[in-house]
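Enquirer: Please read through the structure below; I'll follow up with questions.
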Amino acid sequence: MSTVPRTLGELATRFGLELRGDPGRAIRGVATLIDADADQLGFLANPRYRLQLADTRAGAIVLRRADADAWSGACLIADDPYVAFARIAALFEHQPAATPGIHPSAVVAQGATIAAGACIGPLCVVEDGAVVDEGVILGPHCVIGRGCTIGAQSRLVARVTLVQDVTLGKRVLIHPGAVLGADGFGLAFERSASDHGHWIKVPQLGGVRIGDDCEIGANTTIDRGALGDTVLEEDVRLDNQIQIAHNVRIGAHSALAGCAAVAGSATIGRYCLIGGGAGILGHLSLADRVTVTAMSLVTHSIREAGDYSSGTPIQPNRQWRRNAARFKHLDEIARRIDAFEKETKS
Amino acid sequence: MSTVPRTLGELATRFGLELRGDPGRAIRGVATLIDADADQLGFLANPRYRLQLADTRAGAIVLRRADADAWSGACLIADDPYVAFARIAALFEHQPAATPGIHPSAVVAQGATIAAGACIGPLCVVEDGAVVDEGVILGPHCVIGRGCTIGAQSRLVARVTLVQDVTLGKRVLIHPGAVLGADGFGLAFERSASDHGHWIKVPQLGGVRIGDDCEIGANTTIDRGALGDTVLEEDVRLDNQIQIAHNVRIGAHSALAGCAAVAGSATIGRYCLIGGGAGILGHLSLADRVTVTAMSLVTHSIREAGDYSSGTPIQPNRQWRRNAARFKHLDEIARRIDAFEKETKS
Amino acid sequence: MSTVPRTLGELATRFGLELRGDPGRAIRGVATLIDADADQLGFLANPRYRLQLADTRAGAIVLRRADADAWSGACLIADDPYVAFARIAALFEHQPAATPGIHPSAVVAQGATIAAGACIGPLCVVEDGAVVDEGVILGPHCVIGRGCTIGAQSRLVARVTLVQDVTLGKRVLIHPGAVLGADGFGLAFERSASDHGHWIKVPQLGGVRIGDDCEIGANTTIDRGALGDTVLEEDVRLDNQIQIAHNVRIGAHSALAGCAAVAGSATIGRYCLIGGGAGILGHLSLADRVTVTAMSLVTHSIREAGDYSSGTPIQPNRQWRRNAARFKHLDEIARRIDAFEKETKS
């Protein structure tokens, strides 16, 4: 990565941070406290890494005021060092400028509308009626289907598929392999005389609407609505391999970790945090600020903010087997206790 | 969506439904009871939405005879309103006709066989020995590997990969990102003098066979068999992000919800329903009409039809933690009760 | 599959196996004991299939010495029949030779370095600064981003995306749909006066390093590090739809089954076996030779080799519901027992 060096003084001014040390000192990159060199900026956000201050060779550190006295070198003092670090690190991100225009290998339909400054990468397909706004970057191998709209400054990194009737807000970032707007899983079971019944596909006629500033991870899937749309409000953050079924609605500023899955027509509030591999059944609704821990299954609506969990703790298999065997008879165990209590009290 | 309007009389005749109301009334689309306008058809299949009859502005409603008296407007009476609705909705689905022929940007090997009426979309790759039958539509970015056969009227929406030796029946529908025919996960562990052992890849030499009328969701993976084939019988329905390992066999008319996973050589019966995120271990066999609830793990074969579950219920984290901690000692708890009972009885 | 036939004598010599039977007998393929024909080689590795010896029509069988006396036909005796079978089967794998060179439909940047013997398939994209080594095969639709390096003899089957700064060792095999080097899920929550807070993206500046002889399954995702790299040591085997978050490190010879997920900065030792759908929380560390059973969630570091599990057993739903309801009060149940014991003892 060859990026422009920045002085500590420049960083302090730009992000409104207090500087202790030489404002002329040049910083060429960011790193963890353990890996940082003398021309790199480290950061201390999590108190459990405070001991690493003793050994770091970082040229300067972003940290809280409370930690600043434990460090004799140059530092930038921030109320929230992780946020400050994120902003500074972005300066050192090496994103070569995408060349505006349509790569000659891309297949763009005549009926597609591409803004002048947009960048359509190699081997993209843009179908009739698609609209690609100002400043959008489509990396290689993206497919933008009929009736899809991509808001300004959005970036589809590579090989993203928007199937049909997908609307992206501004500054949306989508990682490779994501599929938005595929048919939801809608089936009607038809009993019939000739066989014991079979499935009829229920047409999926809705779309997908993604708000501004959303981020969608690699190989994540978001289905189009059956009737009406599947909706992510603004600033929703989805990690990799998440499954969002038809007609789900996710409130603004919620974040879902990898492999989480939300079944059809479920509604998730604002500022929710859904742990990795967690599942939410269909037609449920979660209030604002609900946190679900990893691999929990939500089987009823949750009306109050707070943390929720299911599952059992990890154990050595030999012990777990004994406990698990007992779980199969837990109701009987509880009944026996009830019986005792009655006996004893009588 | 601009689709041809249909009269209520036409719908009644076409689908064998009883009409109450003006047969000449024009219907231009379908919608939920809440969203339907005067030129749209709503439906009432689930009794819990019956109250919405009071407020809907739908031009007509598909419903059961038992619900018809609660509605004074036009209606189509059906034994199964959801099935009737699915069939009617299909009339209003806007699928622009695919142009038959091979898109000039597609890369089709000389040794591939493409039926005259088939449609090979932009940037597809069709390898030697592949056979694409009459009426097949390959959307953009599909890869059809050696020895693959696609039955008549099948549709691969976009960016579907059939790796090798995959046979699709007729009217198969596959959504973007699906991968069929990748190598199964076959490994032999070789002990050796030079290290503490290492893995040897077991060649995967089988194929994948998909029956007629199957549907396969976005980013779902179905591996080729090790020896012999991985098989989906007819009318199997797979949602998104499902993993089907080598040599699995799934019986006709079974449906698996998103993120379910079936390990190698497992056999699932006919008319089974596997919930989202559920897992089925390798070499097991499930009888016909087995239902597994979401995120359950099947660890032994199931010989009788019925519903099966594992896991624990969602709770506020604070309560869950206390219960989960006790689970680690459940066997000991049960032993203490056994001891009591002995004592008390003696 | 038309592959060259091999004589039993040739196989015995090549793989150092003891032959019983006619060395001139021709073998044209491999199969299971049940399916094998007279010109095919079967194998018996798992003792529970020993009964199949009675009925097999296999021309010869690879088996252990202990099983050889139960079989009157030709056989190859191996210490580890499964390893021997894997090696022999590879001879019968039909992999048509890839044509070296760059397919005319591929888009290769001027600044990419492609070894003379490498094969770049149709519609691949290779970006500036990418390096593709000797004997590498890229199947159709692969995207090799900036700064990626692919070691000699590696094979990307089809539609694999290496986003950026991904380094593959030698003989790495990657199946379709895999995404390596996408951004990790790094977010800082910024409180602000104007709203109730929102997310800031934390730039992901690290890479991905994959050791020699690794195999990576279809639709698996491996994110780039935030700072520093995400690392798979040599001979790590990942099945399909696995999620590896940023800065994870997986030790040599470990294998993860389908749909497993490892959260950020977790460290997995050498020779670990992670079951399908299992999850490992962030920042944890697992010792060497830890086995985690399917769909278990690891919530704390594991310092000792052994087998570990969580979850509850599958049951008929009616019984499960009663037990699960009791789980919600398990702590209370345990307290009641404590109280009894005190009472009884007093």
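The values are calculated or read from the model by the stated rules, or taken from the named source; none is laboratory data. Everything quoted here is computed from the prediction, not taken from an experiment. Methodologically, a virtual Cβ is constructed for each residue, glycine included, from the backbone with ideal geometry; neighbour enumeration extends over all protein chains shown. All accessible areas refer to the heavy atoms of the entire protein, side chains included, with ligands and DNA or RNA removed. Shrake-Rupley method; radii C 1.70, N 1.55, O 1.52, S 1.80 Å.
Enquirer: Quick one: buried accessible area between B and A, total over both chains, 1.4 angstrom probe, nearest 100 Å²?
Expert: 6000
Enquirer: Next up: Probe 1.4 Å, all protein chains in place: accessible area of C:Ser285 in Å², nearest 10?
Expert: 40
Enquirer: Leaving out ligands, DNA and RNA, what percent of the accessible area of the range B:123-258 is carbon and sulfur, probe 1.4 Å?
Expert: 48
Enquirer: Non-local amide H neighbours of B:Thr220 (under 5 Å, H modeled in plane, Pro and chain starts lacking H): which ones?
Expert: Counting only residues 5 or more places away or on other chains, the set is B:Ala178, B:Val179, B:Gln241, B:Ile242.
Enquirer: I've got another one for you. Obtain the nm distance between the two label points defined at B:Ala26 and A:His300 by a simple spin-label model: each point lies 7 Å from its Cα along the Cα-to-C-beta direction.
Expert: Spacing of the two 7 Å Cα→Cβ label points: 5.0 nm.
Enquirer: Let me ask something additional. Can you tell me how the range C:104-144 classifies by the Cα gyration tensor, rounded, prolate or oblate, using a/c under 1.5 as the rounded cut?
Expert: oblate
Enquirer: Using Cα springs under 10 Å in a Gaussian network model of chain A, which residue among A:Ile150, A:Ile88, A:Ile102 shows the largest mean-square fluctuation?
Expert: Greatest mean-square fluctuation among the candidates belongs to A:Ile88.
Enquirer: Per residue, how much space in cubic angstrom lies within the convex hull of the C-alpha atoms of chain A?
Expert: Output value, Cα hull per residue: 243 Å³.
Enquirer: Summing +1 for each Lys or Arg and -1 for each Asp or Glu, what net charge is found among the other residues whose Cβ lies under 10 Å from the Cβ of C:His196?
Expert: +1
Enquirer: Oh, and also: Provide the net charge surrounding A:Asp69, with neighbours chosen by a C-beta distance below 15 Å and charges set as Lys +1, Arg +1, Asp -1, Glu -1.
Expert: Once all neighbours under 15 Å are counted, the net charge is +2.
Enquirer: Assuming R0 = 35 Å, what is the FRET efficiency of C:Thr113 and B:Arg321, from their Cβ-Cβ distance, to the nearest 0.05?
Expert: My answer for the efficiency is 0.05.
Enquirer: What is the sum of charges, Lys and Arg at +1 and Asp and Glu at -1, for the other residues whose Cβ falls under 12 Å from the Cβ of B:Gly29?
Expert: Net of charged neighbours comes to -2.
Enquirer: Quick check: from the Cα gyration tensor, does the range C:160-308 come out rounded (a/c under 1.5), prolate or oblate?
Expert: It comes out oblate by the Cα gyration axes.
Enquirer: While we're looking at this one, here's another question. So if the hydrodynamic radius of the protein assembly as shown is defined as the Kirkwood radius over C-alpha pairs, what does Stokes-Einstein give as its diffusion coefficient at 10 °C and 1.306 mPa s, in µm² per second?
Expert: 52
Enquirer: Exactly which GluC sites (Glu not before Pro) in the range C:239-346 are in a DSSP loop and have at most 16 other Cβ atoms within 10 Å?
Expert: The qualifying sites are C:Glu304.
Enquirer: So how much accessible area does B:Trp71 have, in Å² to the nearest 10, using a 1.4 Å probe?
Expert: 40
Enquirer: Per-residue HN-Hα couplings for the range C:111-122, Karplus 6.51 cos²θ - 1.76 cosθ + 1.60 at θ = phi - 60°, whole Hz, x for Gly and Pro?
Expert: The phi angles translate into x, 8, 10, 10, 5, 4, x, 6, 10, 10, x, x Hz.
Enquirer: Hey, can you grab everything whose amide H is under 5 Å from the amide H of C:Val231? Only 5+ residues off in sequence or another chain; H modelled, so Pro and N-termini drop out.
Expert: C:Arg209, C:Val248, C:Arg249, C:Ile250
Enquirer: In addition: To make sure I understand the rule: partners must be lysines, Cα under 30 Å from the Cα of C:Lys342, and not fewer than 8 residues away in the same chain. Which ones qualify?
Expert: The reachable lysines, counting only those whose Cα sits under 30 Å from C:Lys342, are A:Lys328, A:Lys342, A:Lys345, B:Lys328, B:Lys342, B:Lys345, C:Lys328.
Enquirer: Still on this model: Through the Karplus equation 6.51 cos²θ - 1.76 cosθ + 1.60, θ set to phi - 60°, convert the phi angles of the range C:153-166 into ³J(HN,Hα) values in whole Hz; use x for Gly and Pro.
Expert: Values, residue by residue: 6, 6, 9, 9, 4, 5, 6, 9, 10, 9, 6, 5, 6, 9 Hz.
Enquirer: Let me ask you something else. Under unit Cβ charges (Lys, Arg +1; Asp, Glu -1), what dipole magnitude, rounded to 20 debye, does chain C have relative to its Cα centre?
Expert: Its charge dipole is roughly 960 debye.
Enquirer: In terms of solvent-accessible area of protein heavy atoms at a 1.4 angstrom probe, what is the ranking of B:His253, A:His103, highest value first?
Expert: Heavy-atom accessible area, descending, gives A:His103, B:His253.
Enquirer: Give the ranking of B:Asp37, C:Asp235 by solvent-accessible surface, highest area first, calculated with a 1.4 Å probe.
Expert: B:Asp37, C:Asp235
Enquirer: Kindly sort B:Arg326, B:Arg171, A:Arg87 by accessible area of their heavy atoms, largest first, with the probe set to 1.4 Å.
Expert: The ranking, largest first, comes out as B:Arg171, A:Arg87, B:Arg326.
Enquirer: At 1.4 Å probe size, what's the solvent-accessible area of C:Cys259? Round to the nearest 10 Å².
Expert: 30
Enquirer: Whose amide H sits under 5 Å from the amide H of C:Gly151, counting only residues 5 or more places off or on another chain, with H placed in the peptide plane?
Expert: C:Leu168, C:Gly169
Enquirer: A follow-up question, please. Can you tell which of A:Ala112, A:Ala130, A:Ile174 lies farthest toward the positive end of the dipole of the range A:96-198, using +1 and -1 charges on the Cβ of basic and acidic side chains (Lys, Arg; Asp, Glu)?
Expert: The listed residue farthest towards the positive side: A:Ile174.
Enquirer: Report, for the protein assembly as shown, the % of DSSP beta bridges that are antiparallel, rounded to 5.
Expert: Taking every DSSP beta bridge within the protein assembly as shown, about 15 percent pair in antiparallel fashion.
Enquirer: Also: From the backbone phi of the range A:265-281, what are the Karplus-calculated ³J(HN,Hα) couplings (6.51 cos²θ - 1.76 cosθ + 1.60, θ = phi - 60°) in whole Hz, Gly and Pro given as x?
Expert: 6, 6, 10, 10, x, 8, 6, 8, 10, 10, x, x, x, 6, x, 10, 5
Enquirer: Can you tell me what share of the DSSP beta bridges in chain C is antiparallel? A percent to the nearest 5 is fine.
Expert: The antiparallel fraction comes to roughly 10 percent.
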